[in-house]
1. Quick one: which of 210, 234, 229, 244 is out of contact with any strand residue (DSSP E or B) (no Cβ under 8 Å at 6 or more places or on another chain) and either surrounded by 22 or more Cβ atoms within 10 Å (Cβ to Cβ) or not in a helix (DSSP H, G or I) (or both)?
2. Does region 308-333 hold any residues that are surrounded by 13 or more Cβ atoms within 10 Å (Cβ to Cβ) and more than 23 Å from residue 240 (Cβ to Cβ), and which are they?
3. What about residue 146, is it touching a residue at least 24 places away in the same chain (Cβ under 8 Å), assigned by TED's automatic domain parsing to the domain that holds residue 8, part of a loop (DSSP other than H, G, I, E, B) and more than 20 Å from residue 64 (Cα to Cα)?
4. Being surrounded by fewer than 14 Cβ atoms within 10 Å (Cβ to Cβ), under 29 Å from the mean Cα position of the chain (by Cα) and under 25 Å from residue 397 (Cα atoms) is the filter here; which residues of region 353-377 pass it?
5. Would you point out which residue out of 89, 180 is out of contact with any helix residue (DSSP H, G or I) (no Cβ under 6 Å at 6 or more places or on another chain) and either surrounded by 16 or more Cβ atoms within 10 Å (Cβ to Cβ) or free of Cβ contacts under 8 Å to residues at least 24 places away in the same chain (or both)?
6. So which residues in region 24-47 are under 29 Å from residue 360 (Cα atoms), in contact (Cβ under 8 Å) with a residue 40 or more places away in the chain and not in a loop (DSSP other than H, G, I, E, B)?
7. Exactly one of (1) closer than 30 Å to residue 157 by Cβ; (2) outside any helix (DSSP H, G or I) is unmet by residue 367. Its number?
8. Can you report the number of residues in region 329-364 which are in a helix (DSSP H, G or I) and over 21 Å from residue 249 (Cβ atoms)?
């Protein structure tokens with residue numbers, strides 16, 4: 001059975017996350033979005049773990065969970081969290097974000113007990129631990145060998161395994177003697193599989209795409225598609241371990257916050273070529289630029305642009321439906337009443353969001369929506385977009401219709 005999975009989100013207890021991120025609301029949004037299996041997020045946070053245990057129930061003995069209040073088990077939850085590791089190694093401060101999936105509640109309880117004794121897991125849904133990456137892997141596997149651990153958004157400058165500010169130059173350098181237990185990595189919003197194909201070390205690992213949603217509206221903006229004979233934690237684990245996913249659903253990476261380099265405060269945004277010419281320095285303040293994903297990929301790549309390894313999984317790039325609706329209606333806010341009303345009209349009459357974006361017949365869709373919205377869906381599918389790349393923590397901007405004016409002038 002084909003399933004769409006979003007394996008990395010947060011709860012209302014994580015810093016800078018929406019208070020609307022409750023388990024009930026997450027279930028409801030996944031039905032509209034078309035996500036079948038969703039991360040719980042933040043299972044190390046005591047109050048959220050209490051909610052998980054009290055509001056969810058295991059579906060038979062699958063290792064997946066459902067809302068107790070739900071009338072069906074259409075939306076399945078997988079136990080997950082993201083941890084921030086900050087530590088010194090080889091005279092450099094490392095800042096790494098790691099995604100963890102647990103096979104059952106008991107495994108989470110044991111991990112949480114250990115972490116609670118040594119670290120502060122009560123201050124934030126994504127706690128900061130002074131633990132090295134390979135130590136975390138070893139700890140999890142000592143509790144249960146079916147813990148699944150992999151690095152999050154691997155290219156992000158500040159908190160990632162390959163980040164320009166605090167990362168490493170290889171998986172082995174980061175995970176050391178535990179690298180054999182790393183089966184996957186998350187591309188992050190600012191890179192896509194094609195960019196990652198340029199680094200040969202990554203070929204043996206499974207590419208995962210997840211939303212890292214901090215609000216309900218962003219659930220499913222990236223996702224992973226799997227064909228599962230049996231829907232369970234073990235089959236998901238095996239699919240990831242054996243690189244047996246079907247495809248991924250991607251953000252346009254230029255829209256990500258760190259695709260290009262720059263200084264937001266100085267209104268400087270550079271391509272990698274411009275950054276090299278300026279020796280990684282901001283021409284206004286003369287301080288070091290925040291070097292983004294595209295530049296960092298270029299630094300570690302051992303293959304040319306456009307290289308495609310054998311047997312790679314396909315992927316598609318999408319623009320979220322409410323963004324398409326907003327631009328089609330000439331409205332800035334994707335959460336405006338008119339946009340929400342049209343979004344709900346389409347969902348109620350044409351199916352879930354991902355199905356509409358990927359599979360809908362746009363000619364038939366014109367019977368229930370506007371011609372311009374349908375044209376917007378076609379252009380997003382075909383990549384007929386104008387994108388101003390994101391940089392230094394600022395999302396890029398996508399223009400679907402050429403007559404729309406540029407949103408800013410952040411160019412060096």
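The values are calculated or read from the model by the stated rules, or taken from the named source; none is laboratory data. Computed from a predicted structure; not experimentally measured. Note that each Cβ is placed from the backbone with ideal geometry, even for glycine, and that neighbours are counted across all protein chains shown.
1. On the way: 210 fails: out of contact with any strand residue (DSSP E or B) (no Cβ under 8 Å at 6 or more places or on another chain); 234 fails: either surrounded by 22 or more Cβ atoms within 10 Å (Cβ to Cβ) or not in a helix (DSSP H, G or I) (or both); 244 fails: out of contact with any strand residue (DSSP E or B) (no Cβ under 8 Å at 6 or more places or on another chain).
Within the list 210, 234, 229, 244, the selection yields 229.
2. Hits for region 308-333 are 319, 320, 321, 322, 323, 324, 325, 326, 327, 328, 329, 331.
3. Working: touching a residue at least 24 places away in the same chain (Cβ under 8 Å): yes; assigned by TED's automatic domain parsing to the domain that holds residue 8: yes; part of a loop (DSSP other than H, G, I, E, B): yes; more than 20 Å from residue 64 (Cα to Cα): no.
No, not satisfied.
4. 359 - this is the single residue of region 353-377 that is surrounded by fewer than 14 Cβ atoms within 10 Å (Cβ to Cβ), under 29 Å from the mean Cα position of the chain (by Cα) and under 25 Å from residue 397 (Cα atoms).
5. Values: 89 fails: either surrounded by 16 or more Cβ atoms within 10 Å (Cβ to Cβ) or free of Cβ contacts under 8 Å to residues at least 24 places away in the same chain (or both).
After ruling out the rest, the residue left standing is 180.
6. First, pick out the residues of region 24-47 that are under 29 Å from residue 360 (Cα atoms): 24-39.
Next, from what is left, pick out any that are in contact (Cβ under 8 Å) with a residue 40 or more places away in the chain: 24-27, 29-39.
Scanning region 24-47 gives 24, 25, 26, 27, 29, 30, 31, 32, 33, 37, 38, 39.
7. (1)
8. Taking region 329-364 and keeping what is in a helix (DSSP H, G or I), we get 329, 337-350, 353-359, 362-364.
Okay, now just the ones that are also over 21 Å from residue 249 (Cβ atoms), so 329, 337-342, 344-345, 348-349, 363-364.
Number satisfying all stated conditions: 13.
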